[in-house]
Amino acid sequence: MLSPRVLRSASSFMCRRFSTGQMCLQGKAPDMAEGNTFLLVSNVRNRLREIVGASTNWKDHQQALAERTSLSQYLAQSQEELPAKTMKDSAIEAHLPLGTQSALREKYLNYHNSVRFGRILEDLDSLAVLICYSHTWNKELKRSPLSIVTALVDKIDMRKNIIYPDCDIKFTGHVTWVGKTSIEAKMHMSQYHDGAYSDVLDATFVMVARDPENKRAAFINPLTLESPEEEAIFQQGEINKKRRVELSTASLLKVAPTAEERTLIHNLFLNTLDTRTVSFRGRILPPNSVWMEDAKMKGLEICHPQERNIFNRIFGGFLMRKAYELGWANACAFAGSRPTLVAVDDIVFRKPVEIGSLLLLSSQVCYTEGMHIQVRVHTEVLDPLTRQHSTTNVFHFTFRAEKDIPAVVPQSYGESMLYLDGKRHFDETIRSQG
């Protein structure tokens, strides 16, 4: 991301002036004091509705969608037709004043007297969309002809285990890479505590631009790089794209495990054989272990209009929140203690979820190592009339428990593939944080 010096706004300048003159309350940031002008996280979705012309009333959504169809005439026929934008054009700073505005705390507070991370995921998703609309905004149009939606969450790395429920939070972010129809946005979250801001997390989202009816891809503005720092940021985006392609190519859904992975699975199998019998069927659970079959948790959501996004489908942040909360509960029950989140990675949005859908969520502890738990949450939509299931998302979460935990052991070949996939995600998380 751009350096704090580049992203620093007038409000943060006022923060420095204010803090040099008098002490602030522990969790109340000077730049969020009453009278300062800044974007509130709670206003982001309202701003998005204004950008696309979305209705705030569910009964008017069909009319709003029909009106958006006419915006197709403003779509560019090639990327060359669009003016180049800079990283600064999309730079955003948004505030979540949990310390300054106590009324907000109830929505974010969990029973551990910390912040509900699922709510933070919702805010990150909305902010990523707004950042991308800031990059593509045409001031000559009242509404954007683009439908920008989340394609995947590449990575969320936690820098801090504790998020205080009564201390102000600040998000900053901007576009870091663009293709012809896709955009990468990076965001940073910090929290004001003990007189200063400290890092909480870094997040990388990839969005795609589509036409007003959300049926086909649409071109976006190219990105102009203005400094060596920005060139390095953009190059990292290229590296991220290449890595995603390589991981997809090597997916266990497409190719066989490596020789090393096959040996690992065979050793796990041998470790569960009953030595008292000469049989491949007799299986015994090793000490301090749990069968994968017994490390699951399931959930169901009926998708109501209240959770819709600006395009009248279910809000991606809501899906992330529900998946995270189920995954956390799964890890908590497995570990027998409260886990903390280490990282979120490789969340793929395969299919939009329509209003009225029955959303089935299935969480599985798929890999463990020391005090770490790797959890995979699979979500799918069930059509009650046809009884057909369609996968919508796959989520990967890495948690850390307060003590060493049992090993999770696969029995079937399918579970073994889940185990290896979980190990790959865990190894990648540890490598990226090392």
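The values are calculated or read from the model by the stated rules, or taken from the named source; none is laboratory data. The model shown is predicted, which means the values in this text are computed figures rather than measured ones. For neighbour counting, all protein chains shown are included, and Cβ atoms are generated from backbone atoms with ideal geometry for every residue, glycine included. These accessible areas exclude ligands, DNA and RNA; they are computed on the full protein's heavy atoms, side chains included. Shrake-Rupley method; radii C 1.70, N 1.55, O 1.52, S 1.80 Å.
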| query | Within the range 74-112, which residues are open to solvent by 60 Å² or more (accessible area, probe 1.4 Å) and in contact with a helix residue (DSSP H, G or I) (Cβ under 9 Å, 6 or more places away or on another chain)? | reply | K88, D89, Q101, K107
| Total residues in the range 293-308, condition in a strand (DSSP E or B) and either without any contact (Cβ under 8 Å) to a residue 12 or more places away in the chain or of a type in the set (V, I, T) (or both) | 1
| query | Taking the range 386-434, which residues are polar (S, T, N, Q), in contact with a strand residue (DSSP E or B) (Cβ under 7 Å, 6 or more places away or on another chain) and buried (at least 19 other Cβ atoms within 10 Å of the Cβ)? | reply | T392, N393, T398, T429
| request: Any chance you could count how many residues in the range 204-255 are more than 30 Å from P145 (Cβ to Cβ), part of a loop (DSSP other than H, G, I, E, B) and either at pLDDT 95 or above or in contact with a strand residue (DSSP E or B) (Cβ under 8 Å, 6 or more places away or on another chain) (or both)? | output: 1
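Conditions tested, residue by residue: (1) modelled with pLDDT under 95; (2) more than 23 Å from G316 (Cα to Cα); (3) outside any loop (DSSP other than H, G, I, E, B); (4) among the hydrophobic types (A, V, I, L, M, F, W, C).
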site	(1), (2), (3), (4)
Q62	yes, no, yes, no
L65	yes, no, yes, yes
D89	no, yes, yes, no
A103	yes, yes, yes, yes
E106	yes, no, yes, no
N138	yes, yes, no, no
L141	yes, yes, no, yes
K155	yes, no, yes, no
I163	yes, no, no, yes
| request: May I ask you to say which residue of D125, D157 is surrounded by fewer than 22 Cβ atoms within 10 Å (Cβ to Cβ) and among the acidic types (D, E)? | output: D157
| request: Could you check, for the range 193-210, whether at least one of its residues is surrounded by 21 or more Cβ atoms within 10 Å (Cβ to Cβ), aromatic (F, W, Y) and more than 18 Å from the chain's Cα centre (by Cα)? | output: no
| message | Out of the residues in the range 252-272 meeting the condition of being closer than 11 Å to L420 by Cβ and out of contact with any helix residue (DSSP H, G or I) (no Cβ under 8 Å at 6 or more places or on another chain), tell me which one is surrounded by the fewest Cβ atoms within 10 Å (Cβ to Cβ). | response | E260
| task | Only residues that are in contact (Cβ under 8 Å) with a residue 12 or more places away in the chain and open to solvent by less than 60 Å² (accessible area, probe 1.4 Å): list them for the range 273-292, please. | result | P286, S289, V290, W291, M292
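Conditions tested, residue by residue: (1) touching a strand residue (DSSP E or B) at 6+ places or on another chain (Cβ under 6 Å); (2) at pLDDT below 95.
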| site | (1), (2) |
| --- | --- |
| K180 | no, no |
| I183 | yes, no |
| K186 | yes, no |
| H193 | no, yes |
| Counted residues, the range 183-241 - those being in contact with a Leu (Cβ under 7 Å, 6 or more places away or on another chain), of a type in the set (S, T, N, Q) and without any contact (Cβ under 8 Å) to a residue 40 or more places away in the chain | 0
| field | V175 being outside any helix (DSSP H, G or I), free of Cβ contacts under 8 Å to residues at least 60 places away in the same chain, among the aliphatic types (A, V, I, L, M) and buried (at least 20 other Cβ atoms within 10 Å of the Cβ) | value | no
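Condition check ((1) modelled with pLDDT of 95 or more; (2) outside any strand (DSSP E or B); (3) under 23 Å from H425 (Cβ atoms)) across all residues:
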| residue | (1), (2), (3) |
| --- | --- |
| F311 | no, yes, no |
| D346 | no, no, yes |
| G356 | no, yes, no |
| L360 | yes, no, yes |
| Q364 | yes, no, yes |
| T368 | yes, no, yes |
| V375 | yes, no, yes |
| T386 | no, yes, no |
| T398 | yes, no, yes |
